[in-house]
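Read through the structure below, which is laid out as C-alpha cells, and then see the notes.
Every number here is computed from the coordinates shown, using simple stated rules; none is lab data. Keep in mind it's a predicted model, so treat the numbers as computed, not measured. Quick reminder, even Gly has a Cβ in these numbers, built from the backbone with ideal geometry, and neighbours come from all protein chains shown.
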C-alpha cells in the first residue's frame, strides 16, 4: 500500500481513449493531480465531457489509466481491502431492476460480507433514513428516478464507508430529498467520512462542499475552498428588519461618505425553502402519498468509527448505541430538516427532546452576529453549520421577523433577489 | 466465499425471472407426461420404453442445453450492458469471484432442473409397465433388455498380424505390377487390411468359427433367471433367395467339448433362421459361463442350409453388471457434464464477447458437439494435407470442442440397457470439465480481470 495523507490522490492521472487502430482519439483526462483530504467534501465540477466521470471510473478500477496512478484511502485502486471502505453512487441507477429495495441492500451487504444480523439492522435503518421503509418490498424497476437515487445512496452506505464517491447524487430528486441528502453529506463528513461529490447542480456543491475543483478538457482549471473562490472581498451585504425611510436615508449618507453605493430591496424567500415548508406541513397533517416518505436522521451505524469532534454530545450518544448496530433511525435522528420539524410536533420522548434541545441550541448559536462574523473569516470551518441553520430557519420560522441583524459577504452566485 | 455466494444467489434470482426458463420448464412439464402416453415405439413394452426414454432424455438434455446457453451468455453480458456490474465490481469482490458466482448459480439451476425432470422421466419409465397392457413375455424382455445395466464385450483381432498380412499382400501385388497408379499407398494398404479383417471374420459354408471370452463377470452368477445376450448381424457374400440365414450357435464353456474333460457348466444350442442385415439378439442363462469367467461361442455355417459365406458383424456378448437405476443416474450425470461445460463456455465467451456473438458461438459449438464425430472426421481429412501447420493450429482447437455424440450420448446406453462405466463417466468429466472447461474458464477469467468494464460499454 502506498503511504499517502490523502483520501484520494492521483499522480499525473491520464486517460486516452484510442480508436479501433489504437491511435489516440480522445484525451479524457490529462495529467490530473488530485489531492482530496480526509474528512472533507470535495466538489468535482465541470461541464459534460470534461473528464469527471472518467476520473471516478479510474478511481474505482472500472477504467485503467493510460498513464499515472490513483490511490484511494492509502491503497491501490481495485484492491478489495480498499473497495471495502468505499461507497459509490453512480450517475444513474445501475441497480438490478428485479430486486426489491430490501433485496438490493441485502445483496450488496452480502458482497461486503456483513453478517446476517448486521445486514438486517442496517437495511432497516438505511431504508428509514432514505425514506423508503414503506417500499422495502417494491421492485427497483418500479421506482421513480428520485427514489432510485435514494436506494442508490443507501447501497453506497451499506458498508459504512470511509469514502463516498457520489456522481450526481441529487439529480432527479425533489427539493425535500435534495435538502435531506445535502444535510446527510454534511453529517457524514462531520462524523469522519470523506466525500467526493460530482454534480452539475452548482447550488448543491456550493452548499455543502469544503473545497471544489473545476475540470475542463480533462485538466484541472481551478481548485480551492468555496469561500476563497466565491467570496467578494471588496463588497458587503447588510440584512436588517424593517427600517424607516429616515433610517435608510441616514445609512445612505454614511455609505456615500465612505464612497460606496447602497441598494435597498425587500428580500425574497428561496423557492426551495418555501417548497420544503409546504411539504413539511402536509406531512404533519399526515396526507397520503405513494412516493418516497421523509427520511429520518442519519443511520446510527454510520457513526460507528467516527469520533471526529468529541465535544459533540450528540455523537457520543449515537456512537454508544451504534455499537449494537440495531438502533432504530429515529433514536439517532439529529439535525436533518424533517426530523427537527416533526419531532417538535410529535415526539415526546426524552431522547428526542434532548436532541431537539441540542439542535436548537446549535442553530440559535449560529445566528448570533458574533458567530456569523466568525463564519466569514473562517469559511472552511463554518460552512456546514450555515446549512443547518438555514434548514431550521426555513422550518421553524423566519428569524428575520425577530429583528435580529446579520452581516454576510455576498457570494458571486447568490440570487440578486436576496441581496 | 460470501461474495461468490451473493453473486450466485442474485444470478439465480435473475435467471428464474427469465422467460426462457419459464418456457423450458413449462414445455418439459407438458411434454414429458404427453410423450409417456402417446409414444408407442414398435407397440411392444420394450419398444415403448425405449422410445419414450430416448426422446424424453433427449428432450430434457436439449432444452436444458438451450436454456444453459441462453442464461450463461446472458447473465454477465447483460450486467455489463446495463452497467449493473459498476455497482458490483466496485465492491470488495475479485473479477474471478464474480465469474465463479455466476457459474455456481447456473450449475445449481441445472442440477435442480435436471434433478426434477429426470426424476419425472424416471417415474414415468417405472410407471409405463404398469400402465401398458403387456404380456408376461414382453415384461420379461423389458426387464432383461431395458431395466438393466449390461456390459458388451466384442471379439478382439490381432491387428498387427492383419497389418503384416496386408503389407505382404501389397508387396506381392507390387512385384506383379498390379498396383493401381491412381491410388495412394495408404489407401491401398487400408483396403488390403479391410480384406484381411473380412477374412478373419468370415465363416464359409461347412466352417465353424469360435470365439472365447475371458473374465466375464456377471452381477449375480447364481441367479437362474439372469441372462446374457449374444448380439450380431448377418452379412453375406451372396444374398440368399429368402434373405435369411440359418444359424447354428453353441454357447458355454466349449473347452468341455474336448475329450477327457468333465462337463461342469451347461452348453446351450441355438438354431434359428434370421433375416440378413438386421441386428439380432438371443438370450442364454448366465450358467453358461465357466467358474473362471470363460465363455465360448461357436457359430456353424451349415452347408446344408446356407450356400453363402457369412460374416457375423457387430458381434457382441452382453451381460448384466448392475441395475437400471444406477445406470440412469450415470446417464443423467453425463448430461450434467454437458450442461456444466456449456455454462463454462457461455460465461467465458461473454468475458470478451457481446451477448449476440457469444450465443451464436455457443450454439455453434453445441451443434458441433452433437455431430462431433462427423465434423471432426471431415475437417481432419481436409487438414491432413496441411501437415504440421494443421497439427499445431486447427487440431488443438478442434480438440477443445466438446463431444456429445456417439459414446458420449447417454441415450444410447439407456435405450440398449448398456452400462455407463464409472471410469468412463469420470474420464469424460475430467477431460470435458477439468481440462477443456477449466482451460476456457481460466482464459475467461484472465481476459475479464484485464478488461476495462466501463470502456467496452461506452
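Find how much the distance from residue B:442 to residue B:13 grows on full extension, using 0.36 nm per residue of separation minus their present alpha carbon separation; answer in nm with one decimal.
Details: separation 429, 0.36 × 429 = 154.44 nm, distance 2.55 nm.
Length gained, residue B:442 through residue B:13: 151.9 nm.
Over the stretch B:203-322, how many percent of alpha carbon pairs lie in each 5 Å bin up to the one with the longest distance?
For the stretch B:203-322, the binned pair fractions read 2, 11, 21, 22, 17, 13, 9, 4, 1 percent.
Would you calculate the volume per residue, in Å³, of the smallest convex hull containing every Cα atom of the stretch B:129-245?
235 Å³
Using the alpha-carbon atoms, what tilt in degrees (0 to 90, nearest 10) does helix B:185-201 show relative to the longest principal axis of chain B?
So the inclination is approximately 50 degrees.
Which value results for Rg/Rh of the stretch A:173-264 when Rg is the Cα radius of gyration and Rh the Kirkwood radius based on the inverse mean 1/r?
Working: Rg = 19.4 Å, Rh = 16.9 Å.
My calculation of the ratio gives 1.15.
Between residue B:164 and residue B:225, take the C-beta separation as r, use R0 = 35 Å, and let me know the FRET efficiency to the nearest 0.05.
Working: r = 46 Å, r/R0 = 1.31.
With R0 = 35 Å, the Cβ-Cβ based efficiency is 0.15.
How big is the convex hull of the Cα atoms of the stretch B:151-201, per residue, in Å³?
Working: hull volume 4.2 nm³, N = 51.
Hull volume over Cα atoms, normalised by residue count, gives 83 Å³.
Compute and list, largest first, the equivalent-ellipsoid semi-axes of the stretch B:271-331 from the alpha carbon gyration tensor, each √(5λ) rounded to a whole angstrom. Show your work: numbers first, answer last.
Details: eigenvalues 177, 60, 18 Å².
After scaling each eigenvalue by five and taking roots: 30, 17, 10 Å.
I want to check the label-to-label distance for residue A:269 and residue B:314. Put each point 7 Å from Cα in the C-beta direction and report it in nm to one decimal.
9.4 nm
Counting helices only, and only those DSSP H runs with n ≥ 4, report the 222 nm mean residue ellipticity of chain B as the sum of -39,500 (n - 2.57) divided by its residues, in deg cm²/dmol to the nearest 500.
Numbers: 17 runs with 258 residues, N = 458.
Taking each H run of at least 4 residues, the total per residue is -18500 deg cm²/dmol.
Between residue B:278 and residue B:305, what length in nm is gained on full extension when 0.36 nm per residue of separation is reduced by their alpha carbon distance? Working shown, then result.
Values: separation 27, 0.36 × 27 = 9.72 nm, distance 1.91 nm.
Taking 0.36 nm per residue and subtracting the Cα distance, the gain is 7.8 nm.
How many angstrom lie between the Cα centre of the stretch B:264-319 and the Cα centre of the stretch A:30-80?
Centre-to-centre distance over Cα atoms comes out at 81 Å.
Any chance you could give the angle, 0 to 90 degrees and rounded to 10, that helix B:136-145 forms with the longest Cα principal axis of chain B?
Around 70 degrees separate the two axes.
With r as the distance between the Cβ atoms of residue A:139 and residue B:423 and R0 = 45 Å, compute the FRET efficiency 1/(1 + (r/R0)^6) and round to 0.05. Intermediate values should be presented prior to the final figure.
Details: r = 50 Å, r/R0 = 1.10.
According to the calculation, E is roughly 0.35.
Contact order normalised by length for the stretch B:1-153, with contacts defined as Cα pairs under 8 Å and 6 or more residues apart; what percent is it? Working shown, then result.
Numbers: 109 pairs, mean separation 60.8, N = 153.
Contact order relative to length: 40 percent.
Expressed in nm to one decimal, what extension gain is obtained for the pair residue B:199 and residue B:434 from 0.36 nm per residue of sequence separation less their Cα-Cα distance? Display every interim value, and only then the final one.
Values: separation 235, 0.36 × 235 = 84.60 nm, distance 4.32 nm.
Between residue B:199 and residue B:434, full extension yields 80.3 nm more.
Most exposed first by the Cβ proxy, i.e. fewest other Cβ within 10 Å, how do A:183, A:234, B:405 rank? Please list the in-between numbers first.
Working: A:183 26, A:234 7, B:405 16.
Going from least to most buried by this count: A:234, B:405, A:183.
If you average the C-alpha positions of the stretch B:1-67 and of the stretch B:395-458 separately, how far apart do those two centres end up, in angstrom?
Going from one Cα centre to the other spans 20 Å.
Taking the Cα centroid of the stretch B:164-242 and of the stretch A:155-189, what is the distance between the two, rounded to the nearest whole Å?
Each part reduced to its Cα centre gives a spacing of 83 Å.
If you build the convex hull over the alpha carbons only and average its shadow over all orientations, what do you get for chain B? Give it in nm² to one decimal. Write down the numbers at each step before the final one.
Working: hull surface 118.2 nm².
About 29.5 nm², averaged over all directions.
Kirkwood hydrodynamic radius of the stretch B:70-198 from all distinct Cα pairs, in Å? Working shown, then result.
Details: mean 1/r = 0.0446 Å⁻¹.
Result for the stretch B:70-198 stands at 22.4 Å.
Which value in nm describes the separation of the simple spin-label points at residue B:37 and residue B:141, placed 7 Å from the Cα toward the beta carbon?
2.7 nm
Can you put A:128, A:265 in order of Cβ neighbours within 10 angstrom, beginning with the fewest?
A:265, A:128
Dividing the alpha-carbon radius of gyration of the stretch A:12-171 by 2.2 N^0.38 Å (N being the number of residues), what value is obtained?
Values: Rg = 17.2 Å, N = 160, 2.2 N^0.38 = 15.1 Å.
Against the compact-globule rule of thumb, the ratio is 1.14.
At 7 Å along Cα-to-Cβ for each site, give me the label-to-label distance between residue B:395 and residue A:228 in nm.
7.0 nm
Averaged over B:77-90, how many beta carbons belonging to a partner chain fall within 10 Å of each residue's beta carbon?
Numbers: counts 0, 0, 2, 0, 0, 4, 6, 5, 2, 8, 15, 5, 6, 14.
Rounded to a whole number, the mean comes out at 5.
So for B:348, A:273, A:256, fewest C-beta neighbours within 10 Å to most, what's the order?
Values: B:348 28, A:273 17, A:256 11.
With the sparsest Cβ surroundings first, the list reads A:256, A:273, B:348.
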